[in-house]
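Asker: Mind having a look at this structure? Questions to follow.
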Amino acid sequence: MPVFGDGGIILVILQTGMAYKNKKGFTILELLVSIAIISILAAVVLATVTGIKARSRDSKRLSDTREIVKALNLYSNNHGKFPTALSEIVITSEDAFSLELEGDLVITNMPRDPLYPSADYKYGYLSANGNTFTLSFCLETNTIKNFNQGCGNTIKP
């Protein structure tokens, strides 16, 4: 047995591992550290997935607006002008504008915003005579070139 100290104080060192033989489970500190690490990883994954979903919806919005623009151009070829409206129309697939384009067979199903009914595409005109139009829509992110986050995005012919 090793002896340490001064004046006859003797310390006995336990054999390696002997103090741990009766240990069961984890300490509270080990559990808290594990929970903290798992929470941080979950937050990072959740933020990444949320961003991916928003970018995906934005891509769909842009694709849908391009589809509507193609339908408007076909309508214009058939009638010599774009459909007219005195005020901005909210596209719901059941509005007069949607029914007119679907009835003219230039589009089969009018697309809706991926978050419908909380968000809608908007279709309005710059002139009442049908020479031009403005298609406005909202984006959740700034990831699409030439468009901004928010509802100030427009497409014109």
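The values are calculated or read from the model by the stated rules, or taken from the named source; none is laboratory data. It should be emphasised that the depicted structure is a prediction, and the values quoted were computed from it without experimental measurement. Cβ: placed from backbone, ideal geometry, glycine included. Neighbour counts: every protein chain shown. Side chains included, ligands, DNA and RNA excluded: accessible areas come from the protein's heavy atoms. Shrake-Rupley method; radii C 1.70, N 1.55, O 1.52, S 1.80 Å.
Asker: What ranking do 38-47, 94-103, 143-152, 61-70 get when scored by the average of other Cβ atoms within 10 Å per residue, highest first? It would help to have the intermediate numbers written out before the result.
Answerer: On the way: 38-47: 10.0, 94-103: 15.0, 143-152: 11.8, 61-70: 16.8.
Packing order, densest peptide first, comes out as 61-70, 94-103, 143-152, 38-47.
Asker: Would you mind estimating how fast region 112-151 diffuses translationally, via Stokes-Einstein at 20 °C and 1.002 mPa s with the Kirkwood radius over Cα pairs, in µm²/s? The partial results should precede the final answer.
Answerer: On the way: Rh = 11.6 Å.
Estimated via Stokes-Einstein, D reaches 184 µm²/s.
Asker: Can you tell me the length gained on complete extension of the stretch L115 to T154, counting 0.36 nm per residue apart and subtracting the Cα distance?
Answerer: Details: separation 39, 0.36 × 39 = 14.04 nm, distance 1.83 nm.
Result for the pair: 12.2 nm of gain on full extension.
Asker: I've got another one for you. Please state, to two decimals, what the Cα-based radius of gyration of region 81-129 comes to when divided by 2.2 N^0.38 Å (N = residues). List each step's numbers first, then the result.
Answerer: Numbers: Rg = 11.1 Å, N = 49, 2.2 N^0.38 = 9.7 Å.
Here the Cα radius of gyration is 1.15 times the empirical estimate.
Asker: In nm, give the distance between the simple-model label positions of K24 and A43, each being 7 Å from the Cα along the Cα-to-Cβ direction.
Answerer: Simple spin-label model gives 3.5 nm for this pair.
Asker: Quick one: net charge around E100, please, counting Lys, Arg +1 and Asp, Glu -1 for every other residue with C-beta under 14 Å from its C-beta. Walk me through the intermediate numbers first.
Answerer: Numbers: positive: K81; negative: E94, D95, E102, D104.
Its environment carries a net charge of -3.
Asker: Here's a follow-up. How much FRET efficiency would the formula 1/(1 + (r/R0)^6) give for E102 and N129, where r is the Cβ-Cβ distance and R0 is 35 Å, rounded to 0.05?
Answerer: Details: r = 23 Å, r/R0 = 0.66.
The computed FRET efficiency comes out at 0.90.
Asker: OK, next. Send over the semi-axes of region 22-157's equivalent ellipsoid, whole angstrom and largest first, taken as the square roots of 5 times the C-alpha gyration tensor eigenvalues. The partial results should precede the final answer.
Answerer: Values: eigenvalues 471, 38, 24 Å².
In descending order, the three semi-axes are 49, 14, 11 Å.
Asker: Provide the per residue accessible area, probe 1.4 Å, for region 36-157, rounded to a whole number of square angstrom. Please report the intermediate quantities before stating the final value.
Answerer: On the way: 7180 Å² over 122 residues.
Accessible area per residue: 59 Å².
Asker: Say R0 is 25 Å: what FRET efficiency, to the nearest 0.05, do K53 and L32 get from their beta-carbon distance? Intermediate results must be reported in sequence, preceding the final value.
Answerer: Values: r = 32 Å, r/R0 = 1.26.
Calculated transfer efficiency: 0.20.
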